[in-house]
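Participant: Mind having a look at this structure? Questions to follow.
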Amino acid sequence: GAGALVVMSGGAPGRLPADVRAIYAATYDRSHFYQAGCFSESDHKGPSDADVESGRVCALGDLSDLGPDFLVWGDSHAAAMAPAIDAAAAAGGFGGMFAAHASCPPLNDIPLATKGDTRRCAAFNDSVRDLIREKHIPLVFMLAYWPKYVHQSELPNQGDYFDASIPPNLA
């Protein structure tokens, strides 16, 4: 009975202080940069490669800027960082563009777990490079979950708890 009560109450969050509940709730925050209008998903939702190449992507920062002064390019980690970059750029009077695709590192010709992902990411990255050339974008922030692509693995001990003192297996 007690176990059912805990499950039905969503883990009994009332047992925690309000500030802890607020921090925990933020783990599920999703900005508009994760939405289909800005972020390309593996299931082809979001901007197409043609949209990206032509510059039909989400803006960052000062929208009155004639820019773009910069581009944020990457995977879902780019989408996670985009709100902070957006706020900083707006405060500084800079305008930029956002191009991100799920599980696609902003790198040329990187082999991924499946050949389909490799082709999908290569096509997306080609469209981003064409956008950079076409718009003469001078500054590019390349953001990604680098350990996943460099070491082809997740970090050790990752999940709800993370111990940074455990080094990743680099063998």
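The values are calculated or read from the model by the stated rules, or taken from the named source; none is laboratory data. Quantities reported herein were computed from a predicted structural model and do not represent experimental measurements. Cβ sites come from the backbone with ideal geometry, for glycine too, and all protein chains shown count toward neighbours. The accessibility values were calculated without ligands, DNA or RNA, using every heavy atom of the protein model including side chains. Shrake-Rupley method; radii C 1.70, N 1.55, O 1.52, S 1.80 Å.
Participant: Provide the solvent-accessible area of residue 45, counting protein heavy atoms only and rolling a 1.4 Å probe, rounded to the nearest 10 Å².
Facilitator: 120 Å²
Participant: Could I ask something else about it? For residue 43 paired with residue 66, estimate the spin-label separation in nm (one decimal), with each label point 7 Å from Cα along the Cα-to-Cβ line.
Facilitator: So the two model labels end up 4.3 nm from each other.
Participant: Can you tell me how much longer the chain between residue 123 and residue 91 gets when fully stretched, taken as 0.36 nm per residue apart minus their C-alpha distance, in nm with one decimal?
Facilitator: Extra length from residue 123 to residue 91 when fully extended: 8.2 nm.
Participant: If I compute solvent accessible area with a 1.4 Å probe over the protein chains, what percent of it on the chain is carbon and sulfur?
Facilitator: It is 59 percent, rounded to a whole number.
Participant: Counting only residues 5 or more places away or on other chains, whose amide H sits under 5 Å from the amide H of residue 141 once H atoms are built in the peptide plane?
Facilitator: The list, which skips near neighbours in sequence, is 71, 72, 73.
Participant: Right, something else. What is the sum of charges around residue 105, taking Lys and Arg as +1, Asp and Glu as -1, for the other residues whose C-beta is under 10 Å from the C-beta of residue 105?
Facilitator: 0
Participant: Hey, another quick one. If you take every DSSP beta bridge whose two residues both sit in region 41-149, what share of them, in percent to the nearest 5, is antiparallel?
Facilitator: 30 percent
Participant: Can you work out ³J(HN,Hα) from phi for every residue in region 2-7, in order, using Karplus 6.51 cos²θ - 1.76 cosθ + 1.60 and θ = phi - 60°, giving whole Hz and x for Gly and Pro?
Facilitator: Each residue's phi maps through the Karplus curve to give 5, x, 5, 4, 5, 5 Hz.
Participant: Roll a 1.4 Å probe over the protein chains and send me the accessible area per residue for region 54-102 in Å². Write down the numbers at each step before the final one.
Facilitator: Numbers: 1960 Å² over 49 residues.
It amounts to 40 Å² per residue over region 54-102.
Participant: A further question on this structure: Can you tell me what share of the DSSP beta bridges in region 25-100 is antiparallel? A percent to the nearest 5 is fine.
Facilitator: Just about 40 percent of them are antiparallel.
Participant: Quick check: from the Cα gyration tensor, does region 1-104 come out rounded (a/c under 1.5), prolate or oblate?
Facilitator: In terms of gyration-tensor shape, oblate.
Participant: I would also like to ask the following. Mind grabbing the accessible area of residue 27 for me, 1.4 Å probe, Å², rounded to tens?
Facilitator: 90 Å²
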